[in-house]
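Structure record follows, encoded as structure tokens.
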Amino acid sequence: MTSTITEQPTRRAAEAASVEIHDGRRWTRVCALADLEPGRGTALLVDGRQVAAFRDRAGGLYALDNRDPFSGAYVLARSLLGTRGEIPVLISPMYKQAFDLRDGTCLDPDEVPDGGSSTLRTWPIRLRD
């Protein structure tokens, strides 16, 4: 689930606004909007799990597991953001698989080495004034 912001907030509003992630039980404040640099990821700890949070250049917020299912490394917060057609994606810094930011689906046909799922867990994320 994503929360899309239609207008870029002013610097003051960005510093005051909070980003929250739902951990399955409750909404938890994880950072200020100003901490999420557009086009870059940030690693966060939510209920004991590493989450990669992203703010795209249009203001959309996304949160997915930080663990790359292909390498097992917790590096997805360092991913590149882009698009594949109309699909917003993150590109893993390890083996360059593309994942849909909206639902965590791997867009590349690779098989995960440990036989697990190649789909990343997504986390509900929202902006709170």
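From the phi of every residue in the stretch 117-129, what ³J(HN,Hα) in whole Hz does the Karplus formula 6.51 cos²θ - 1.76 cosθ + 1.60 yield, where θ is phi - 60° and glycine or proline is x?
6, 8, 8, 7, 5, 9, 10, x, 9, 8, 9, 10, 6
Roll a 1.4 angstrom probe over the protein heavy atoms and tell me the percent of accessible area of the chain that is carbon or sulfur.
Using a 1.4 Å probe with all protein chains present, the chain comes out at 46 percent carbon and sulfur.
Which trypsin sites (Lys or Arg not before Pro) in the stretch 33-104 pass both tests, a DSSP loop state and at most 13 other beta-carbon atoms within 10 Å? The partial results should precede the final answer.
Details: sites: R40, R49, R55, R57, R67, R78, R84, K96, R102; in loops: R40, R57, K96, R102.
Here the trypsin sites (Lys or Arg not before Pro) that fit, given the DSSP loop and packing criteria, are R57, K96.
Can you report the principal axis dimensions of the chain using only the alpha carbons, biggest first, rounded to whole angstrom?
45, 33, 19
Suppose only helical runs count, i.e. DSSP H with n ≥ 4. What mean residue ellipticity at 222 nm does that imply for the chain under -39500 (n - 2.57) per run, divided by all residues and rounded to the nearest 500 deg cm²/dmol?
About -1000 deg cm²/dmol.
Specify which residue in the list G116, G48, N66 is farthest towards the positive end of the charge dipole of the chain, using unit charges on the beta carbon of Lys, Arg (+1) and Asp, Glu (-1), about the Cα centre.
Value computed over the given set: G48.
With θ set to phi - 60°, apply the Karplus curve 6.51 cos²θ - 1.76 cosθ + 1.60 along the stretch 92-101 and write out the HN-Hα couplings as whole Hz, x wherever there is a Gly or Pro.
4, x, 7, 10, 6, 5, 9, 10, 5, 5
Skip the ligands, DNA and RNA, and give the accessible area per residue of the chain with a 1.4 Å probe, whole Å².
The answer is 55 Å² per residue.
Charges at C-beta only: +1 for Lys and Arg, -1 for Asp and Glu. How large is the resulting dipole of the chain about its Cα centre, in Debye rounded to 20?
Values: 17 positive and 18 negative charges, 89 e Å.
Around 420 debye, computed over the chain.
The values are calculated or read from the model by the stated rules, or taken from the named source; none is laboratory data. Bear in mind that the values here come from a model prediction, so they are computed numbers and not experimental data. For neighbour counting, all protein chains shown are included, and Cβ atoms are generated from backbone atoms with ideal geometry for every residue, glycine included. SASA here: full protein model, heavy atoms, side chains in, ligands and nucleic acids out. Shrake-Rupley method; radii C 1.70, N 1.55, O 1.52, S 1.80 Å.
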